[in-house]
Amino acid sequence: MASMRLVLWVIVAFTLASVRAEDTVDFNRDIRPILSENCYTCHGPDDNSRVSTLRFDDETSAKAALPNGRFAIVPGAPGDSAMYARVASANPATRMPPAYAGHDPLSAEQIELVRRWIAEGAAWSTHWSFTRIERPAPPDAGSRWARNAIDRFIAHRLDVEGLAPSPEASAATLLRRVSLDLTGLPPTPEDVAAFVANPSDEAYARHIERLLVSPRYGEHMATPWLDAARYADSNGYQNDKPRFMWRWRDWVINAFNENKPYDEFLVEQIAGDLLRNPTIDQLVATGFNRNHRGNAENGADPREYHVEYVVDRVETTSTVFLGLTMGCARCHDHKYDPLSQKEFYQFYAYFNQVADRGRYFKYGNTPPLVKAPTEEQMALLAGIDARLEHARGELAREERAAREDLRHGMMPDDGKWIYDRRLRFRASFDPPNGVFEGSQPTFANLGQNSAAVFDGQTYFDAGDVADFGYYDAFTLSAWIKPEAVTGGIIARVTPGNALPDTAKGYGLYLIDGRIHMRVETSSISDRMRVRTRAPIEIGRETHVAGTYDGTRTTNGFHIYVDGIEQPLEVLIDDSLNATRTSAPLRIGYGPAADDRFRGAIADARVYDRALSQDEVDVISYGWPLLSIAVDYQHDRASDASLPKLRAAWRDRYGPEPLRRAHHTVSRLELARERLLGSFPTVMVMRDLPEGRTTHRLNRGAFDAPAEAVIAGVPAALPRLPDDAPNDRLGLARWMISRDHPLTARVAVNRLWQQIFGRGIVATSEDFGAQGSPPTHPELLDWLAAEYMDSGWDTKALLKTIVTSATYRQESRIRPELREHDPENLLLARAPRVRLAAQAIRDQALAVSGLLTDKIGGPSVRPYQPDGLWKELANAETYTHDMDEDLYRRSLYTYWKRTIAPPSMLTFDAAGRETCVVRQPRTNTPLQALNLMNDPTYVEAARALAIRMLDSRASPDDRLDYGFLLATARRPTDSERRILSEALSLAHSRYSASPKEADAFLRVGEYGSSWPDKAELAAYATAASLILNLDETITKE
Amino acid sequence: MKPLLDPLDYTRRRFFARSALGAGTAALAHLLGNDLRAASAGHPHPPLPGLPHFAGKAKRVIYLFQSGGPAQHDLFDPKPGLAKLDGSEMPDSVRGNQRLTGMTAAQASFPVAASRMQFRQHGQSGAWLSDVLPHTAKVVDDICFIKSLHTDAINHDPAITFLQTGFQLAGRPSLGAWLAYGLGSVNENLPAYVVMVSRGKNAGQPLYSRLWGSGWLPTRYQGIKFRAGADPVLYLSNPPGVNSEDRRHFLDALSAMNTLRHEEYGDPEIETRIAQYEMAYRMQSSVPELTDLSGESDATFEMYGPDARKPGTYAANCILARRLAERGVRSIQLFHRGWDMHNNLPKRLGEQCADTDQPTAALLKDLKQRGLLDETLIVWGGEFGRTVYCQGKMTPDNYGRDHHPRCFTVWMAGGGVKGGISHGQTDDFSYNIVENPVSVHDLHATMLHCLGVDHTKLTYKYQGRNFRLTDVHGVVQKQLLVA
């Protein structure tokens, strides 16, 4: 019985979606899906799995002579066509598709379609979505009903089916619908009242205009884009620690709010970095393809994950912009679409040039990065820069004015000036003493300095100073005269194995004659190490300095020997875990007993910033100031001595105005550094200058490279524009070219899906042979052409859609529609769709008055059940934010990929681990529990209750007001009666149990400023009822 | 244990009476690559048409997932010959070109670490087990050990994801979600797929909710995580100041309002919504009834061991697993963390087994004495094995082992599995498989087979392709199953 019904409905549905008896058979609509589903696996595009030379994805092959001299397809003659004979065969042994491979035969309808198609001439055409988009003329239909071209296409199809459109929705319903569709928030009662009073077309247009300029529009449009772009606030995979991509998220919001044309929107996200002189915003946009997960697991093979990231970029880019399932061709030629495995890797090559690493940082953003200050920070920076420019001018003037003074007047008093800007620690051994471990050292002079002479046993313990981690910038410097090739100079490390093994912490070491600098943990695969290429001379007095800028890559290291920057070798560049240690800072120390320094060390310093070359020039010049000054006055000072002289002069010995000007510059420079350090970063696309060769990978495996390929686009699609470079920028321009058959269709289909709940192509992620055929192909093309011709104007297209008569229909399900078109494919009514996860929460916050309207910024943490993170991950606690951050729109909620916000997932939000452009809407008991019991909604109900109580005096008016806030209409008498009964029941219950009322009113951080607790609890119950209504969480 | 009186019976009957529409929606949706059963029925939901494909011995599965990678050398796969090689360099011929994790790839030497555990034979089957599993030792005759499982992944995230979803990267449905999708649910008061997580003294590696997620299947098929404490299911409890009677009144009013809207709009989704709120209400009593262990006998608590009375422990979760099995829940999965022993293995393995051995064995015994073992498939195992060579510093009584994908041991019991057998063999180092390799896909195919599902036929169309749990692989290991 059930299966009979099923068959019946398959027939009805099939008829609906495709061919009618009086139409001619259309290859793309009617035949290709049959061939793709049933034949392509063995007779399709995949060279490796094809079992014979016969192909049904290729017209020439399909109509060519078979080896036995017969023909698979003879146009006009089904009886002579072997293919028809095989699919229609009653004999399972010869029937196609083959029973032995587990295939069911084609249905009678499909066989008949094949027969008719061959009989009608077996016309072949390119897969519909691969043909150029031409603007079809709207049919001459629905002339009395239609408001714009959309309606003519819809009406045409309805006429064919013998259905009438639905009447226009009420003003209130329409305003709520369009408000939810364009901003994700309901209209205010004032807006509703105004529109109900004047529901004219002009008034409707004004409301649309208002909604489109509201910043809420950009937030609402951004949300599905974040799903598509797999945006999240954590890195994913095993450890899943925080990353910071919110500047990219804010870029998306702004782009929608500014109505950035979709072609620019695309180009900037795919290749903003390759534009000429890209702005910071254009660089930030490329974060799109860095939003993929990044693996920081300790044992992960970087080569393997590097491949996964590139594959993710290809899959995401092809799904989002092209509606192609390119990922299918990673391991083998695509089974259904004209995409070879080689072409997959040619496309992959565009995204394989990025200078990123296979293993991502566990915490924070992984290079390549860009600092992406906010507007406020840019303003601060501009302010500092202006002041700095002025101060530098002042300093230069003072310096010129005092030049004679330097020559004649400078008389350093004690001559012991040192460069002490941001000096955190200094061991001068002058006077010669200090806390030493092991034996007591001897002291000697090293050049002009007092030095401690270490014997390989002793070391100097400086205590708990200079506690730097891998995010901190610092400089280590000293004068040394080594007597052995290995020994620690300055280090803050835990004791461990002998050098060159690893110890947790940082240090500047002499190892086998070379200067090494390290920041590392004790894990074998987790460290940053560099060393100088050239060894230093043993037994010679040498100044060494190492700097690190806190960027967690070895690019951040510089080593200077006698003030000269040294070429470095990177030994390992794989920073992952925190490097802080509780061990003290020590001089002459290495992690093991054998690593202690032999020889003299003088004037060891630690600065808490990375000194520049200019500054190293100052500290690496050994002679005392006094002698430099004297030499200078006698015109015999060396050039190398001048930086030190000038620095001291400005800092301490020059005339007062000069010193003041210098200190102003210093202060501003430090403020600037600190401000720069506070700028958020974004992971961006930046290609390796030298490029990277791409190989086809056998079976898609990272360790099975086959032949090299060069970047290119699939042959079944148009060629790159002639003037386009063969890089990501060229690829982006190819995607937006007028001739590209997919980009505009895919984009408008997704917008249609957002508004109508289903795309014209239902499989919005797959426009290939296996995707659903469009229900209204001409409408899709008209919209796509309109979009491109309007300059990819997204707001204009949305306006066209929401002003159509199609959009403005009622969503009531008329009996004949239920019978004829239960899925509403024909749009003889408006869809009735449950709101998305984010919109459900945002609406509750809006109607309760709790919603804060701050745009952008770091992600926030609203309520979440206690212990969720801790259960699954170590030592991670979730503490909800307070005040306005509790009530931000849901797109700002902190998204941890492996433990995503549960209430969002319950309402079908995408998980953000991979690209998702279409989510089913389910209807489950967990959703009911969530809306009834989550503190978010319990608290919102109370806030709504206070709003209701505050606004009106009578119970009915109050109920009406709350209902109106949530649904944009007043309740009917029956509804009011039910609400009113529920209210009075709750009132008597809470009057009798004040403690219960009190407990109920304490949920959440928001207060309950209403004197009568029983009354408030009763209204909160009614408000909760309103928030739980099917109508409230549904767009009608 | 009988479902409560169903207040919605009337609604449901009325609904299904008109349900030609429902079936049509589903069929049409199927053409569109969707699954809209969610829109046409609440819990419970029927199996897909044609499922089960044949009569499976098992009606349900309890998967006792041991997260982190239990060391096969120290538990199930004794290699006495290693004693004399202890501390010596592992022969290159054994290691071959096996990839290593980044943690030991740079290690200068790979000394063989013979297990410090004592092994003995147990039961009529004479199964070898190490002494850290004294309780499992008593039920070995019900167990089928697979000593030759192998995986493609070498790090936790991809390896666990592979075991749970059949694919190393995130995005695909979990095994339990596949079962909920294919076989539906038989208990109308409980979810079809329940997950519980625990940890003992060893915290271990994190878990991820995708491991019980529904991937691109509709979210209703995802595993529902039961938690220890007041709210076993998220948001199950009414807020303070709202009792069950208040909730009943609330739902009556809500249902009345929604019914009015349904009369106005004729949308079947509204009826489903009403039904789901009623299901939620029933869960508010059925779930606490399930998780309330106060009715369990002292003998039961003793059988499951000292942790059994502590909510949230592996032992308490094992009792809950039995209670879920009794109530017909299709797919029950425990995740216990802490098996990732790169160092300090002897001490930590002892602790880990003290947390898990007794409850695991008790679950088998308990199901058996209640006559449920034959219809319940139990699977015990982690995401990979561990290396024979030592990671880090090796001392006479201390060593660690790195991840090892080439061979590891899992076991199955009950639900159509032959007890008292051992399948597959590894070489003298338990480094390579020498006989009867079993892939993760094979394991999945075999598990589905026990449940009456042909793994090649349980498919879902997504991105134009019919996906399976086993991708294009998987061979049912019939030799492990009773005829």
| When you go through (1) buried (at least 24 other Cβ atoms within 10 Å of the Cβ); (2) in a loop (DSSP other than H, G, I, E, B) one by one for B:Ala114, which number turns out not to apply? | (1)
| Within segment A:704-737, can you find the residues that are in a helix (DSSP H, G or I), open to solvent by less than 20 Å² (accessible area, probe 1.4 Å) and not small (Gly, Ala, Ser)? | A:Arg728, A:Leu731, A:Trp734, A:Met735
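In this structure, does B:Tyr265 turn out to be at the interface with another protein chain (Cβ under 10 Å from one of its Cβ atoms), among the hydroxyl-bearing types (Ser, Thr, Tyr) and more than 22 Å from the chain's Cα centre (by Cα)?
Numbers: at the interface with another protein chain (Cβ under 10 Å from one of its Cβ atoms): yes; among the hydroxyl-bearing types (Ser, Thr, Tyr): yes; more than 22 Å from the chain's Cα centre (by Cα): yes.
So B:Tyr265 passes the test.
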| note | Inside segment B:125-184, the number of residues satisfying the requirement of being assigned to a strand (DSSP E or B) and of a type in the set (S, T, N, Q) is 2
| query | Among B:Pro218, B:Pro232, which is the only one that is more than 16 Å from A:Gln927 (Cβ to Cβ) and either touching a helix residue (DSSP H, G or I) at 6+ places or on another chain (Cβ under 6 Å) or of a type in the set (Ser, Thr, Tyr) (or both)? | reply | B:Pro232
| Does any residue of segment A:941-949 turn out to be of a type outside the set (D, E, K, R) and within 10 Å of chain B (Cβ to nearest Cβ)? | yes
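Which members of segment A:34-93 meet the condition of being part of a helix (DSSP H, G or I) and of a type in the set (Phe, Trp, Tyr)?
To start, the set of residues in segment A:34-93 that are part of a helix (DSSP H, G or I) comprises A:34-38, A:40-43, A:59-63, A:78-80, A:82-88.
Answer for segment A:34-93, where residues must be part of a helix (DSSP H, G or I) and of a type in the set (Phe, Trp, Tyr): A:Tyr40, A:Tyr84.
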| message | With closer than 29 Å to A:Leu324 by Cβ, of a type in the set (A, V, I, L, M, F, W, C) and open to solvent by 40 Å² or more (accessible area, probe 1.4 Å) as the only criterion, which of A:Trp128, A:Trp145, A:Trp124, A:Trp117 stands out? | response | A:Trp124
| remark: Those residues of segment A:96-106 which are under 19 Å from A:Ala72 (Cβ atoms) and open to solvent by 40 Å² or more (accessible area, probe 1.4 Å) amount to A:Met96, A:Ala101, A:His103, A:Pro105
| task | Tally the residues that are of a type in the set (D, E, K, R) and open to solvent by 10 Å² or more (accessible area, probe 1.4 Å), restricting the search to segment A:209-254. | result | 7
| message | Just to be sure I understand, how many residues within segment A:517-561 are free of Cβ contacts under 8 Å to residues at least 24 places away in the same chain and under 30 Å from B:Lys393 (Cβ atoms)? | response | 2
| message | So the check is Cβ under 7 Å with 6+ separation or different chains; which pairs have a first residue in segment A:738-752 that's surrounded by fewer than 24 Cβ atoms within 10 Å (Cβ to Cβ) and a second one that's among the basic types (Lys, Arg)? | response | A:Asp739/A:Arg132; A:Pro741/A:Arg132
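So that you can scan it fast, the table gives a plain yes or no per residue for (1) away from chain B (no Cβ under 14 Å); (2) part of a helix (DSSP H, G or I); (3) basic (Lys, Arg); (4) more than 30 Å from A:Pro242 (Cβ to Cβ):
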site	(1), (2), (3), (4)
A:Arg812	no, no, yes, yes
A:Asn824	no, no, no, yes
A:Leu827	yes, no, no, yes
A:Ala839	yes, yes, no, no
A:Thr852	yes, no, no, no
A:Gly856	yes, no, no, no
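Could you tell me how many of the residues in segment A:924-935 are touching a residue at least 60 places away in the same chain (Cβ under 8 Å) and either out of contact with any helix residue (DSSP H, G or I) (no Cβ under 7 Å at 6 or more places or on another chain) or open to solvent by 10 Å² or more (accessible area, probe 1.4 Å) (or both)?
Final tally of qualifying residues: 1.
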| query | Can you name the number of the only condition in (1) open to solvent by 20 Å² or more (accessible area, probe 1.4 Å); (2) more than 8 Å from chain A (Cβ to nearest Cβ) that B:Gly184 fails? | reply | (1)
| remark: Per the filter on segment A:1012-1026, residues open to solvent by less than 10 Å² (accessible area, probe 1.4 Å) and within 39 Å of the chain's Cα centre (by Cα) are A:Ala1020, A:Ala1023, A:Leu1025, A:Ile1026
| said: I need the full set of residues from segment A:255-273 which are under 16 Å from A:Val320 (Cα atoms) and either open to solvent by less than 30 Å² (accessible area, probe 1.4 Å) or of a type in the set (S, T, N, Q) (or both), in order please. | reply: A:Tyr262, A:Phe265, A:Leu266, A:Val267, A:Glu268, A:Gln269, A:Ile270, A:Ala271
| note | Of the residues in segment A:840-890 that are touching a Leu at 6+ places or on another chain (Cβ under 7 Å) and small (Gly, Ala, Ser), the one that is most open to solvent (accessible area, probe 1.4 Å) is A:Ala846
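Tell me which residues, restricted to segment A:520-549, are small (Gly, Ala, Ser) and farther than 30 Å from A:Leu446 by Cα.
Initially, segment A:520-549 is screened for residues small (Gly, Ala, Ser), giving A:522-523, A:525, A:534, A:539, A:545-546.
A:Ser522, A:Ser523, A:Ser525, listed by residue number.
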| Qualifying position, being farther than 21 Å from A:Arg912 by Cβ, within 14 Å of chain B (Cβ to nearest Cβ) and open to solvent by 10 Å² or more (accessible area, probe 1.4 Å), among A:Asn298, A:Asn277 | A:Asn298
| said: Please return the ranges of strands (runs of 3 or more DSSP E) entirely within segment A:422-467 where 1 or more residues are of a type outside the set (Asp, Glu) and in contact with a Gly (Cβ under 7 Å, 6 or more places away or on another chain). | reply: A:423-427, A:449-455, A:459-463
| query | Residue check, B:Leu163 against (1) within 9 Å of another protein chain (Cβ to nearest Cβ); (2) under 22 Å from B:Ile378 (Cα atoms), all met but one. Which one? | reply | (1)
| message | Going by what's in this entry, would B:Leu82 be described as modelled with pLDDT of 90 or more and more than 14 Å from chain A (Cβ to nearest Cβ)? | response | yes
| note | Just one listed residue, out of A:Arg970, A:Arg989, A:Arg921, is of a type in the set (Lys, Arg), facing chain B (nearest Cβ under 9 Å), surrounded by fewer than 24 Cβ atoms within 10 Å (Cβ to Cβ) and in a loop (DSSP other than H, G, I, E, B), and it is A:Arg921
| What's the number of the condition A:Arg293 fails, among (1) more than 10 Å from chain B (Cβ to nearest Cβ); (2) touching a helix residue (DSSP H, G or I) at 6+ places or on another chain (Cβ under 8 Å); (3) touching a residue at least 40 places away in the same chain (Cβ under 8 Å); (4) crowded, with 24+ Cβ neighbours inside 10 Å? | (1)
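Output the residue which, of all residues in segment A:328-361 that are open to solvent by 20 Å² or more (accessible area, probe 1.4 Å) and small (Gly, Ala, Ser), is farthest from A:Ile710 (Cα to Cα).
If we filter segment A:328-361 for residues that are open to solvent by 20 Å² or more (accessible area, probe 1.4 Å), which is where we start, we get A:328, A:330-332, A:335-336, A:338, A:340, A:342-343, A:346, A:353, A:355, A:357.
Keeping just the survivors that are small (Gly, Ala, Ser) gives A:340, A:355.
Numbers: A:Ser340: 14, A:Ala355: 18 Å.
So the residue we want is A:Ala355.
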| Looking only at strands (runs of 3 or more DSSP E) that fall completely inside segment B:390-461, which ones have 1 or more residues that are of a type in the set (A, V, I, L, M, F, W, C) and touching a strand residue (DSSP E or B) at 6+ places or on another chain (Cβ under 8 Å)? | B:408-413, B:421-423, B:433-435
| query | So which of A:Arg952, A:Arg947 is within 28 Å of A:Ser170 (Cα to Cα) and at pLDDT below 95? | reply | A:Arg952
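The values are calculated or read from the model by the stated rules, or taken from the named source; none is laboratory data. The structure presented is a predicted model; accordingly, all values stated were derived computationally and were not measured. Glycine also receives a Cβ, built like all others from the backbone with ideal geometry; neighbour counts cover every protein chain displayed. Heads up: the accessible areas ignore ligands, DNA and RNA and are worked out on the full protein's heavy atoms, side chains in. Shrake-Rupley method; radii C 1.70, N 1.55, O 1.52, S 1.80 Å.
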